[in-house]
Amino acid sequence: MARTSISVKAAAFNQGRFPTIAFVNKATTPLGVNLDKLVTALQKQLDEHFVPIWGYPAKLYVTGKPKGDEWQIVFLEDADAANALGYHDITKDGQPISKVFVKTTLAAGEKISTTASHELLEMMIDPGAQLWAQNVDGKLYAYEMCDAVESEEYEIDGIAVSDFVHPSFFESWHLPRAVQFDHLKKVTKPFDTLPNGYQIVNDGKSVHEVFGSETKKQDFQREIRAQHRSEYRKQLMEANEVAQQQPPDLAHAAVLFHAGQFLTALALTKKRPPEPLPPFTTPWDTDPPSNPWRFR
Ligand SMILES: [Zn+2]
């Protein structure tokens with residue numbers, strides 16, 4: 001497993017109130033959709049479809065100057081532009097950020113509106129990309145609302161938005177078709193990946209993608225995934241596992257050994273008899289009650 005360096009700064013993620021999410025366009029390539037109309041459609045998707053199921057509202061708006069306590073969805077040319085413009089895993093004020101790579105998304109044949117919807121819905125529920133759900137097979141599945149149903153879309157006021165799974169998708173006890181698993185009713189059982197979807201799975205040995213079809217796997221491998229949320233999630237989990245698996249090196253072991261010897265020697269020089277415990281007293285030692293349950 002490759003060693004990765006990733007650090008997550010403590011972020012308040014404005015807990016205690018619902019977020020305002022600023023949509024910021026820093027791309028030069030045209031989005032192929034009017035940004036104001038897109039954000040209006042996404043607000044509708046949240047209010048009318050997503051919040052009744054997932055219960056976490058937000059106020060969306062378009063701006064060139066987001067405020068410090070706002071979450072952000074930023075449209076950038078590609079991952080290089082994100083690096084050049086100094087966009088990281090969280091905003092400079094410690095708030096969640098999602099990036100839509102315009103050139104990369106269009107080159108992969110995907111719509112900016114569907115991708116923005118995908119990123120928005122996933123950020124709403126897991127802004128740090130660190131939540132996982134356990135399936136009956138014991139494997140952990142990324143708690144992502146759109147990956148398994150990626151490419152499934154529907155229109156709101158003529159603008160394409162992404163399908164999303166319901167919480168029941170991550171509840172392994174549901175029988176096939178027993179409940180609704182996604183907005184478009186395409187998924188028939190928990191944890192299932194649709195043909196054009198994928199999921200990130202941690203089986204205890206590695207953190208990897210599972211694909212709904214061979215075509216999806218090939219498409220995915222052709223895509224430029226740098227700085228994508230799923231890559232960040234994998235790096236985060238791998239970095240934590242590497243940190244846990246690191247055996248102490250020799251110098252570290254030597255320090256521990258000598259520290260142990262020193263403490264033993266110190267204990268021997270300061271040997272003294274244990275202090276007697278204070279006498280155990282009960283309320284009736286001095287005044288035995290006739291009824292021990294009586295209040296005094
Ligand atoms: Zn996703």
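Summing charges over neighbours of LYS216, with a neighbour being any other residue whose Cβ is under 10 Å away from its Cβ, gives -3 when K and R count +1 and D and E count -1. Over the stretch 103-236, Cα pairs under 8 Å with separation of 6+ residues give a relative contact order of 21 percent. Extension gain for GLU231-GLN244 works out to 2.7 nm (0.36 nm per residue, less the C-alpha to C-alpha distance). Using equal-weight Cα scatterers in the Debye expression, the normalised intensity of the stretch 104-220 in log10 at q = 0.11, 0.21 Å⁻¹ is -0.35, -1.29.
Computed from the Cα positions only, the extents of the stretch 154-214 along the three principal axes stand at 45, 25, 19 Å, in decreasing order.
Centre-to-centre separation between the Cα atoms of the stretch 77-123 and those of the stretch 165-196: 27 Å.
Here the Debye sum runs over all C-alpha atoms of the stretch 20-245 as equal scatterers in vacuum, and log10 of I(q)/I(0) at q = 0.09, 0.10, 0.17 Å⁻¹ comes out as -0.35, -0.43, -1.34. Counting DSSP beta bridges in the stretch 20-245, what percent are antiparallel, to the nearest 5? That works out to approximately 55 percent antiparallel. Among PHE18, PHE23, the order by Cβ neighbours within 10 angstrom, fewest to most, reads PHE18, PHE23. Modelling each spin label as a point 7 Å along the Cα-to-Cβ direction, I'd like the VAL179/PHE18 distance in nm, to one decimal. Using points 7 Å along Cα→Cβ, the separation is 2.2 nm.
Remark: relative contact order (the stretch 20-245) = 16 percent; criterion is Cα-Cα distance under 8 angstrom and separation of 6 or more residues. Give the residues of the stretch 53-90 whose amide nitrogen is closer than 16 Å to a point set 7 Å from the Cα of ALA108 in the direction of its Cβ. Label zone hits: 74-82. The fewest-to-most ranking of GLU171, GLU153 by surrounding Cβ atoms within 10 Å reads GLU171, GLU153.
No value in this document is a laboratory result; all are computed from the given coordinates. Predicted model only: the values in this text are computed from it and were never measured. Positions of Cβ are generated from backbone atoms using ideal geometry, with glycine treated the same way; all protein chains shown enter the neighbour counts.
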